[in-house]
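Visitor: Could you have a look at this structure, given as structure tokens, before my questions?
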Amino acid sequence: MSAGKPPKDSWVEMTELVLPQHTNQRGTAFGGTVVSWVDIAASVCAMRHCEIGVVTASIDAMHFLAPVKRGWIITIFAAVNYTGTTSLEVGVKVLAENPLSGRKFHTATAYLTMVALDEYNKPTPIPPVLPQTDEEKERFEAAKERKKRRLEVRDETKRRKSQKK
Ligand SMILES: CC(C)(COP(=O)(O)OP(=O)(O)OC[C@H]1O[C@@H](n2cnc3c(N)ncnc32)[C@H](O)[C@@H]1OP(=O)(O)O)[C@@H](O)C(=O)NCCC(=O)NCCS
């Protein structure tokens, strides 16, 4: 296993054209399609970092800030923010672009937790991310805090589920 990698080694930029099959009845991008693209970009980023297969453990709340019309371009950027022992947080930014005006705007941000699995489908250790820039170091610290809150939510969800049985 690698001794560690900077975020730039696994960074992803993915471009999609919003076609009719990606839209809702209003002619704007269907949220589930965008979430699927976000999941793909995060998975590619995580696999590049871990050099092994991963699964999505969680996707934090996603807010779509503005509609994206049919014929527009969506660009998805994904980068590793934080690594734990077997999991990592990937931060994803979604930009929409009107190709007729050239105007670009930020339409969504997402944080996904991916877990590396071995050949027995068990969580397996991954290389640490080595943040280089001040911004990457800030993202690492912020992601560490988010991980704590996320696991509290997971544990609370598990607790409620076990009480219902
Ligand atoms: C994700 C999964 C592998 C975790 O397995 P587990 O036995 O609960 O593993 P652990 O409790 O040992 O946790 C492993 C790591 O995942 C993290 N993790 C587990 N569940 C998590 C969750 N819901 N949100 C965020 N992180 C989570 C843990 O913090 C731990 O990270 P660390 O090693 O970096 O500290 C398991 O729940 C699973 O297979 N889920 C289904 C995934 C899937 O199929 N996704 C596709 C969509 S359905």
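Every read-out reported here was derived from the displayed coordinates using simple, explicitly stated rules and does not represent laboratory data. Since the model is a prediction, treat every value here as computed from it, not as a measurement. Cβ: placed from backbone, ideal geometry, glycine included. Neighbour counts: every protein chain shown.
Visitor: What are the GluC sites (Glu not before Pro) within the stretch 73-165 that DSSP puts in a loop, where the Cβ has at most 15 other Cβ atoms within 10 Å?
Guide: Passing both the DSSP loop test and the Cβ count: Glu119.
Visitor: Taking neighbour Cβ counts within 10 Å as the exposure measure, how do Ser58, Ser36 sort from fewest upward?
Guide: By the 10 Å Cβ count, ascending, the order reads Ser36, Ser58.
Visitor: Then there's this: Tell me whether the stretch 91-165 comes out rounded, prolate or oblate; compute the Cα gyration tensor, take square roots of the eigenvalues as a ≥ b ≥ c, and use a/c under 1.5 as the rounded threshold. Each step should come with its number before you reach the end.
Guide: On the way: a/c = 2.08, a/b = 1.57, b/c = 1.32.
Prolate, because a/c is 1.5 or more and a/b exceeds b/c.
Visitor: How far is helix 134-164 tilted off the main Cα axis of the chain, in degrees rounded to 10, range 0 to 90?
Guide: On a 0 to 90 degree scale, this one is about 80.
Visitor: Here's something else I'd like to know. In the stretch 7-164, how does Rg compare with the Kirkwood Rh, expressed as the Rg/Rh ratio over alpha carbon atoms?
Guide: Expressed as Rg/Rh, it is 1.01.
Visitor: If you stretched the chain out fully between Asp134 and Arg160, how much longer would it get, using 0.36 nm times the residue separation minus the C-alpha to C-alpha distance?
Guide: Extending this stretch completely gives an extra 5.4 nm.
Visitor: Continuing with the same structure: Using Cα centres only, tell me the gap between the stretch 33-78 and the stretch 98-148 in whole Å.
Guide: Taking the Cα centre of each part, the stretch 33-78 and the stretch 98-148 sit 10 Å apart.
Visitor: Counting pairs of alpha carbon atoms under 8 Å apart in space and at least six apart in sequence, what relative contact order in percent does the chain give?
Guide: Taking the mean separation of contacting Cα pairs over the length of the chain, I get 26 percent.
Visitor: For His63, His22, His106, what ranking results if the residue with the fewest other Cβ atoms within 10 Å of its Cβ goes first?
Guide: Neighbour counts put them in this order, fewest first: His63, His106, His22.
Visitor: Follow-up question, since we're still on this one. Can you work out the Karplus-derived ³J(HN,Hα) for every residue in the stretch 86-92? Use 6.51 cos²θ - 1.76 cosθ + 1.60 with θ = phi - 60°, whole Hz, and x for glycine or proline.
Guide: Running phi through 6.51 cos²θ - 1.76 cosθ + 1.60 with θ = phi - 60° gives 10, 10, 9, 9, 10, x, 10 Hz.
Visitor: HN-Hα J couplings of the stretch 4-19 from phi, Karplus 6.51/-1.76/1.60, θ = phi - 60°, integer Hz, Gly and Pro as x?
Guide: x, 9, x, x, 5, 6, 10, 4, 10, 10, 10, 10, 10, 9, 7, 9
Visitor: In addition: Looking at the chain, send over the antiparallel percent of its DSSP beta bridges, to the nearest 5.
Guide: 95 percent
Visitor: Hey, another quick one. Return one number: the angle in degrees, 0 to 90 and rounded to the nearest 10, between the long axis of the Cα atoms of helix 31-50 and the longest principal axis of the Cα atoms of the chain.
Guide: Once rounded, one gets 40 degrees.
Visitor: Right, something else. Please go through the stretch 77-118 and write out the chymotrypsin sites (Phe, Trp or Tyr not before Pro) that DSSP classes as loop and that have at most 14 other C-beta atoms within 10 Å.
Guide: Of the chymotrypsin sites (Phe, Trp or Tyr not before Pro), not one in the loops of the stretch 77-118 has a Cβ with at most 14 other Cβ atoms within 10 Å.
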